[in-house]
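The values are calculated or read from the model by the stated rules, or taken from the named source; none is laboratory data. Just so it is clear, the structure is predicted and the values come from calculations on it, not from any experiment. Cβ atoms come from the backbone with ideal geometry, glycine included; neighbour counts cover every protein chain shown. All accessible areas refer to the heavy atoms of the entire protein, side chains included, with ligands and DNA or RNA removed. Shrake-Rupley method; radii C 1.70, N 1.55, O 1.52, S 1.80 Å.
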Amino acid sequence: MVKREEILVLGLTAGVVGSLVGGMMLGIGMGLIIGGQHLGWLLLLPAAPLSGLLGYMLARKLAKQL
């Protein structure tokens, strides 16, 4: 049985990891795009889905404990 504490830690971890990864990809991608390098789009576009995917992977890891 998953406890409340584990769900809370999952939410906090997913939020922190997702915002760090997504934020860094968005920041670096925007910097490259503003600088005129089209390579930045490869970082900018998948930033949000990738950060959500990290939270999903953490949730699946917690669900395997049941």
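Our estimate of slack between GLN65 and THR13, defined as 0.36 nm per intervening residue step minus the Cα-Cα distance, is 17.0 nm.
As a fraction of the 1.4 Å probe accessible area of the chain, surface on carbon and sulfur atoms comes out at 75 percent. Note on ILE28 and MET57: with the Förster distance fixed at 35 Å, the Cβ-Cβ geometry gives a FRET efficiency of about 0.95. Rounded to the nearest 10 degrees, the inclination of helix 4-34 to the longest alpha-carbon principal axis of the chain is 10 degrees. Were the residues from MET1 through TRP41 laid out at 0.36 nm apart, the gain over their Cα-Cα distance would be 10.2 nm. Its relative contact order, with pairs defined as Cα atoms under 8 Å and 6+ residues apart, puts the range 4-64 at 40 percent.
Please determine, in degrees from 0 to 90 and to the nearest 10, the orientation of helix 47-63 with respect to the longest principal axis defined by the Cα atoms of the chain, where the helix direction is its Cα long axis. Result, in degrees: 10. The smallest convex shape that holds all Cα atoms of the chain, its convex hull, gives 51 Å³ per residue.
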